[in-house]
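All remarks here apply to the structure that follows.
Every number in this text was worked out from the coordinates using simple rules, so none of it is lab data. Not measured: the values here are computed from a predicted model. For neighbour counting, all protein chains shown are included, and Cβ atoms are generated from backbone atoms with ideal geometry for every residue, glycine included.
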Amino acid sequence: MRRFLSLLLLCALPAIADSVTPPAGLQPLPEPPAPPVGYEPDLSLEPQVTITKRGEDKVEEFRMHGKLYMMKVTPPHGVPYFLIDEKGTGNFVRQGEVSPSILVPMWLLKSF
């Protein structure tokens, strides 16, 4: 019975899609404006990602201004986990897919 209902639903989808009409008065979006003259993107704000293999694990290292702040490790079974340097001390804490604790934003405002 389930197969029959799923087959019936699959056959009915094209008919349902054809009967739906878009709202009247839609207009295409305009093209985005060009960047200002002399604009150069600051590539130092982008993280540098290095992908390596350690044994069978795939390791992605994320660096900002040359400092390692996070690693994503994907083992062969495919469930990734993260090693995060939360305070910038070089001590990495393992975080799974869903963190049990709340990560508070910790932005560096000024360094001496």
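At-a-glance table
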item: Using θ = phi - 60° and Karplus 6.51 cos²θ - 1.76 cosθ + 1.60, couplings along the range 22-33 (whole Hz; Gly, Pro as x); result: x, x, 6, x, 6, 10, x, 6, x, 5, x, x
item: Overall dimensions of the range 44-95 as given by Cα atoms, namely Rg and Dmax in Å; result: 11.3, 34
item: Highest to lowest packing among 66-78, 22-34, scored as the average C-beta count within 10 Å; result: 66-78, 22-34
item: Two-site label geometry, GLU31 and PHE92: point separation in nm, points 7 Å out along Cα→Cβ; result: 4.5
item: Loop-located GluC sites (Glu not before Pro) in the range 53-97 whose Cβ has at most 15 other Cβ within 10 Å (DSSP); result: GLU56, GLU86, GLU97
item: Spin-label model distance (nm) - THR21 vs VAL73, 7 Å beyond Cα toward Cβ; result: 6.0
item: In nm, spacing of pseudo-spin labels at HIS65 and GLU40 (7 Å Cα→C-beta vector); result: 1.9
